[in-house]
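Computed from the coordinates by the stated procedures, all read-outs in this text should not be read as laboratory data. Note that the structure is predicted; figures quoted are calculated from it, not measured. Reconstructed Cβ throughout: ideal geometry from the backbone, glycine too, with neighbour counts over all protein chains shown.
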Amino acid sequence: MTADPAAPAGPRSRSARTADSRALILDAAVACLVEDGYAGASTLAVQARAGVSRGRLLHHFPSRAELLVAAAEHLSGTVLADVRQRAAALMADQPAGRERVDRAIDLMWATFHEPPFWAAVELWTAARTDPALRAALRDGERRLRASIRAVADGIWGPEIAAAELYAELCELLFTSMRGVAIVYAFEDRPPATDPHLALWKRLAARMLLA
């Protein structure tokens with residue numbers, strides 16, 4: 001006797017319901033953080049947007065700092081997966097040399113103008129005067145940097161990633177792009193025309209292809 005395909009599924013497991021409520025809370029926290037900034041991302045605002053009880057929220061995230069750092073990681077993980085897909089499409093024709101360097105720089109720079117970066121900026125700024133947030137953010141940042149490095153290695157490809165100065169260049173690009181991107185919080189201009197872009201490309205080619 002076979003099961004009726006139209007019959008409703010049995011009750012969902014407790015772990016599945018827990019995972020769903022956690023994801024619901026994180027999605028709400030991301031929306032609050034990106035749309036309303038750190039000041040607007042209170043636990044009450046997240047709770048209201050997620051439509052969960054206070055107890056449910058505190059069960060998953062006992063503190064606001066833990067909640068917002070987890071939300072930033074959640075958002076970043078989603079976007080990093082998207083970046084992997086974009087990189088695969090961008091490099092599908094297997095460009096080499098200067099062409100690959102230029103495309104990699106363009107893709108890296110684009111990620112500094114997307115929601116995860118601005119969510120992170122909100123947290124970095126608030127962490128300066130919030131010890132609890134600073135402590136929670138420190139570990140999250142280490143995990144995020146490791147994930148970003150793995151994605152970067154895939155963008156550049158094994159041949160370029162094996163270059164002697166590759167690690168130093170990636171660190172230089174990351175910190176430089178982060179600093180330049182901050183200006184776009186109050187300047188309305190196309191990132192693709194930023195004068196630093198050509199400089200980064202020349203520098204990368206000189207360090208990696210010499």
Checklist entry - How large is the charge dipole for the range 106-162, taken about the Cα centre, if only the Cβ atoms of Lys, Arg (+1) and Asp, Glu (-1) carry charge, to the nearest 20 debye? => result 320
Checklist entry - Can you give me the relative contact order of the chain as a percent, contacts being Cα pairs under 8 Å and 6 or more apart? => result 23
Item to check | DSSP-assigned coil residues among trypsin sites (Lys or Arg not before Pro) in the range 99-182, each with at most 10 further Cβ atoms within 10 Å | outcome: Arg128
Checklist entry - Which of the listed residues, Phe174, Val79, Ala119, is farthest toward the dipole's positive end in the range 70-208, when Lys, Arg count +1 and Asp, Glu count -1 at the beta-carbon? => result Phe174
Checklist entry - Roughly how tilted is helix 166-182, in degrees to the nearest 10 and between 0 and 90, from the longest Cα axis of the chain? => result 70
Checklist entry - What's the local net charge at Leu58, with K and R +1, D and E -1, over the other residues with C-beta under 15 Å away? => result +3
Next on the checklist: With a 10 Å cut-off between alpha carbons and a GNM built on the chain, which of Ala50, Ala185, Ala41 moves the most?
Outcome noted: Ala185
Next on the checklist: Please rank Val183, Val46, Val83, fewest neighbouring Cβ atoms within 10 Å first, as an exposure proxy.
Outcome noted: Val183, Val83, Val46
Next on the checklist: Taking θ = phi - 60°, what integer Hz values does the Karplus form 6.51 cos²θ - 1.76 cosθ + 1.60 yield along the range 72-80, in sequence order, with x for Gly and Pro?
Outcome noted: 5, 5, 4, 5, 5, x, 5, 6, 4
Item to check | Estimated inter-spin distance, Asp82 and Asp106, nm [label 7 Å along Cα→Cβ] | outcome: 1.9
Checklist entry - Local charge sum around Arg98 (other residues, Cβ-Cβ under 11 Å, Lys/Arg +1, Asp/Glu -1)? => result +3
Item to check | Around Ala162: net Lys/Arg minus Asp/Glu count, Cβ-Cβ under 15 Å | outcome: -2
Checklist outcome for this item: Farthest towards the positive end of the dipole of the chain, among Ala89, Ala204, Ser53 and with Cβ unit charges of +1 on Lys and Arg and -1 on Asp and Glu, lies the Cα of Ser53
Checklist outcome for this item: So the angle from the long Cα axis of helix 115-127 to the longest Cα principal axis of the chain, reported in degrees to the nearest 10, equals 80
Checklist entry - Do any GluC sites (Glu not before Pro) in the range 94-203 lie in a DSSP loop with no more than 15 other beta carbon atoms within 10 Å, and if so, which? => result Glu164, Glu187
Checklist entry - Taking 0.36 nm per intervening residue step and subtracting the Cα-Cα distance, what contour gain separates Glu187 from Ala39 on full extension? => result 51.1 nm
Item to check | Principal axis dimensions, the chain - Cα atoms, whole angstrom, descending | outcome: 62, 59, 31
Checklist outcome for this item: Going fewest to most other Cβ atoms within 10 Å around each Cβ, Met207, Met177 line up as Met207, Met177
Checklist entry - How do Trp156, Trp109, Trp124 rank when sorted from fewest to most other Cβ atoms within 10 Å of their own Cβ? => result Trp124, Trp109, Trp156
Next on the checklist: If R₀ is 45 angstrom, what is the calculated FRET efficiency for the pair Ala19 and Arg206, using the beta carbon separation as r and rounding to 0.05?
Outcome noted: 0.40
